[in-house]
1. Go through (1) surrounded by 15 or more Cβ atoms within 10 Å (Cβ to Cβ); (2) aliphatic (A, V, I, L, M); (3) in contact (Cβ under 8 Å) with a residue 60 or more places away in the chain; (4) not assigned by TED's automatic domain parsing to the domain that holds Thr81 one by one and return the number of the condition Val285 breaks.
2. Within segment 250-261, track down each residue that is part of a helix (DSSP H, G or I) and either in contact with a helix residue (DSSP H, G or I) (Cβ under 7 Å, 6 or more places away or on another chain) or among the aromatic types (Phe, Trp, Tyr) (or both).
3. Only one of these is surrounded by 15 or more Cβ atoms within 10 Å (Cβ to Cβ) and either farther than 23 Å from Glu154 by Cβ or touching a strand residue (DSSP E or B) at 6+ places or on another chain (Cβ under 6 Å) (or both): Thr315, Thr325. Name it.
4. Can you tell me how many residues within segment 120-137 are touching a residue at least 24 places away in the same chain (Cβ under 8 Å) and outside any strand (DSSP E or B)?
5. Ala106 passes all but one of (1) modelled with pLDDT under 95; (2) in a strand (DSSP E or B); which number fails?
6. Between His293, His352, which is surrounded by 23 or more Cβ atoms within 10 Å (Cβ to Cβ), of a type outside the set (S, T, N, Q) and not in a helix (DSSP H, G or I)?
7. Residues to consider are Ser59, Ser40; find the one that is surrounded by fewer than 20 Cβ atoms within 10 Å (Cβ to Cβ), within 27 Å of the chain's Cα centre (by Cα) and modelled with pLDDT of 90 or more.
8. Identify, please: which residue in segment 42-60 is in contact with a strand residue (DSSP E or B) (Cβ under 8 Å, 6 or more places away or on another chain) and in contact (Cβ under 8 Å) with a residue 24 or more places away in the chain and is, among those, nearest to Gly229 (Cα to Cα)?
Amino acid sequence: MSDQSGKDPSPELSALTRAVRAGLDTDTQFGSVVPALYPSTNYRFPSIDERPPFDYSRSANPTRAMLATTLATMEHGVTATVTGSGLGAITATVEALTGPRGRVVAPTDCYGGTWRLLDHLATKQRIDVEFVDMWDLDEAARALATPAELVFVETPSNPLMRITDVAAVARLAHAAGAIVVADNTFCSPLLQNPLTLGADVVVHSTTKFINGHSDVVGGAVISKTAETGELVAHWANALGLTGGAWDSWLTLRGLRTIDARMRVHQANAAAVVELLSNHPAVQAVYYPGLATHPGHDLAARQQSGFGSLLSFELTGGIDAVRRFTDGLQIIDLAESLGGTESLLAHPATMTHAGMSPEARAAAGITDSLLRLSLGIEPVDDLLNEIRSALDRAVA
């Protein structure tokens, strides 16, 4: 049995309200407000002639199903499959939706782990992959003049925050016979819903904003149709990629605060962007909320907010990066993003180290580039921390 969303019991409520209250008041035995956790690996069969709704937790689990239903609702999808990681979500999607040597078109500047996975699958001749500048519609059209099975979209892109026109790429992809998969991790379902823009599938690393507390690794695949969802669920089960009950329960708990968190995340990002944009140590700032960002107008149309991820390049190269990072007190030099704490990454040596040097160069990822995920710390403390780091970088 697959973890697929059921009928929405409260269609009159907003998707956000349903997410915040997911599972609450469902305990009929004791009246617990918080939903119960079902860690059991197996479930009793009434008889050999009757299969229960849940039988074995790799295939289906009540807690995981609750999270899947919630995410499908938030993304305006029909079904969802919860996986053990974001890369597990992408793996299940590729295996489910491509045939032998199926052609995949993906962004040049995608997350390093995504690039590595697709590159490895291509090396093993499982798929054929072409990496293109998806934000450049002329480039996307050239690539999709040839039939494809899967088109992968990541917007904003990781780490350069480039914006891809989901609707336009979806039209090109569908004309080429392809299914469109959009990674919506950077925006979360609060700020962008790719299925409403023309995508067929949405993937998330729920490790990031959906959980929001940097203590659970997970992923999800949300599908626009039941048929696609069933394929993904089948392959996630067959490959052993599904998420655990405890991780799902924690992710549901984190999800209940997503609206409050995102408001503070974004307010902090706006203040930090202003500081970065006016400091001599900074060569360039990449944030779609800036009016000078080439994707600003598009982001304003297809997103309901500009998010809290940004990247910037320092004028002094790798030595300036070392000076900037040496002495940080409340911003952690660490991978990942979307947690309540602020996190700084050096993509060339951290999140995108799995890419070849040639691929990083093609994507525009330099040694002087830093990616910052703003947490929910008091903004004045963040500004003081970053201002001091920038002053060190100039020295």
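1. Against the list (1) surrounded by 15 or more Cβ atoms within 10 Å (Cβ to Cβ); (2) aliphatic (A, V, I, L, M); (3) in contact (Cβ under 8 Å) with a residue 60 or more places away in the chain; (4) not assigned by TED's automatic domain parsing to the domain that holds Thr81, Val285 comes up short only on (3).
2. Filtering segment 250-261 down to residues part of a helix (DSSP H, G or I) leaves 250-255, 258-261.
Listed by number, the residues that qualify are Thr251, Leu252, Leu255, Ile258, Asp259.
3. Details: Thr315 fails: surrounded by 15 or more Cβ atoms within 10 Å (Cβ to Cβ).
Exactly one residue qualifies, and that residue is Thr325.
4. Step one: of segment 120-137, the residues touching a residue at least 24 places away in the same chain (Cβ under 8 Å) are 121, 125-135, 137.
The next check asks that each one be outside any strand (DSSP E or B); those that pass are 121, 125-126, 133-135, 137.
Adding up the residues that qualify gives 7.
5. Among (1) modelled with pLDDT under 95; (2) in a strand (DSSP E or B), the lone unmet condition for Ala106 is (1).
6. Numbers: His293 fails: surrounded by 23 or more Cβ atoms within 10 Å (Cβ to Cβ).
His352 is the lone residue from the list that is surrounded by 23 or more Cβ atoms within 10 Å (Cβ to Cβ), of a type outside the set (S, T, N, Q) and not in a helix (DSSP H, G or I).
7. From the options Ser59, Ser40, the qualifying one is Ser59.
8. Narrowing segment 42-60 to residues in contact with a strand residue (DSSP E or B) (Cβ under 8 Å, 6 or more places away or on another chain): 42-43, 55-59.
Applying the additional criterion that residues be in contact (Cβ under 8 Å) with a residue 24 or more places away in the chain yields 55, 57-59.
Details: Asp55: 19, Ser57: 18, Arg58: 16, Ser59: 14 Å.
Filtering segment 42-60 for residues that are in contact with a strand residue (DSSP E or B) (Cβ under 8 Å, 6 or more places away or on another chain) and in contact (Cβ under 8 Å) with a residue 24 or more places away in the chain, the one nearest to Gly229 (Cα to Cα) comes out as Ser59.
The values are calculated or read from the model by the stated rules, or taken from the named source; none is laboratory data. Everything numeric here is computed off the predicted structure, so don't read it as measured data. Here the Cβ is made from the backbone with ideal geometry for all residues, glycine too, and neighbour counts use every protein chain on show.
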